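Have a look at the structure below before the remarks.
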Amino acid sequence: MDVCSLEEIQNLFIFYDTCFSKYFPELEFYCNEKEFHVHSIIRKYSDIKGVCYNTTHFIIEMKQEYVIYLPLSIDAKSVSYTHLRAHETKANL
């Protein structure tokens, strides 16, 4: 993941909102200068650990140990979240 300045992250989200969010209205994507919303859940830019992209998704790694995949392609899955921490079991609690 690339670590970007707050201003660079904000610009990436503005770019995503302008160019891609219209193709995925089910995401209810919105951004402003302090935060962004996906599925009406508010997240702060300051909680972002890193960002990158590939041919199908804009990938946001959050400090809370999960990654958000925002689609860049109509063929891509709408949105997904991947938790970075392995599932805990009774054996390792």
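Answer yes if at least one residue in segment 48-71 is open to solvent by 20 Å² or more (accessible area, probe 1.4 Å), closer than 19 Å to THR82 by Cβ and in a helix (DSSP H, G or I), and no otherwise.
Checked against the condition, which is being open to solvent by 20 Å² or more (accessible area, probe 1.4 Å), closer than 19 Å to THR82 by Cβ and in a helix (DSSP H, G or I), segment 48-71 yields no hits at all.
Which one is nearest to LYS63 (Cα to Cα), of the residues in segment 1-41 that are among the charged types (D, E, K, R) and touching a residue at least 40 places away in the same chain (Cβ under 8 Å)?
ASP2
Evaluate the following for GLU28: is it more than 19 Å from TYR81 (Cβ to Cβ), acidic (Asp, Glu) and open to solvent by 90 Å² or more (accessible area, probe 1.4 Å)? Even if it seems obvious, please write down each step before you answer.
Working: more than 19 Å from TYR81 (Cβ to Cβ): no; acidic (Asp, Glu): yes; open to solvent by 90 Å² or more (accessible area, probe 1.4 Å): yes.
Considered against the rule, which asks whether it is more than 19 Å from TYR81 (Cβ to Cβ), acidic (Asp, Glu) and open to solvent by 90 Å² or more (accessible area, probe 1.4 Å), GLU28 comes out as no.
Does GLU8 count as within 16 Å of TYR81 (Cβ to Cβ) and open to solvent by 20 Å² or more (accessible area, probe 1.4 Å)? Don't jump to the end; show me each part of the working.
Values: within 16 Å of TYR81 (Cβ to Cβ): no; open to solvent by 20 Å² or more (accessible area, probe 1.4 Å): yes.
Answer is no for this residue.
Among (1) without any contact (Cβ under 8 Å) to a residue 40 or more places away in the chain; (2) open to solvent by 50 Å² or more (accessible area, probe 1.4 Å); (3) within 11 Å of the chain's Cα centre (by Cα), where does TYR45 come up short?
Only one criterion in (1) without any contact (Cβ under 8 Å) to a residue 40 or more places away in the chain; (2) open to solvent by 50 Å² or more (accessible area, probe 1.4 Å); (3) within 11 Å of the chain's Cα centre (by Cα) is unmet by TYR45, namely (2).
The values are calculated or read from the model by the stated rules, or taken from the named source; none is laboratory data. In this text, all values refer to a predicted model and were calculated from it rather than measured experimentally. Because the Cβ atoms are built from the backbone with ideal geometry, glycine has one as well, and the counts that use them run over all protein chains shown. Keep in mind that these areas ignore ligands, DNA and RNA; they rest on the heavy atoms of the full protein, side chains included. Shrake-Rupley method; radii C 1.70, N 1.55, O 1.52, S 1.80 Å.
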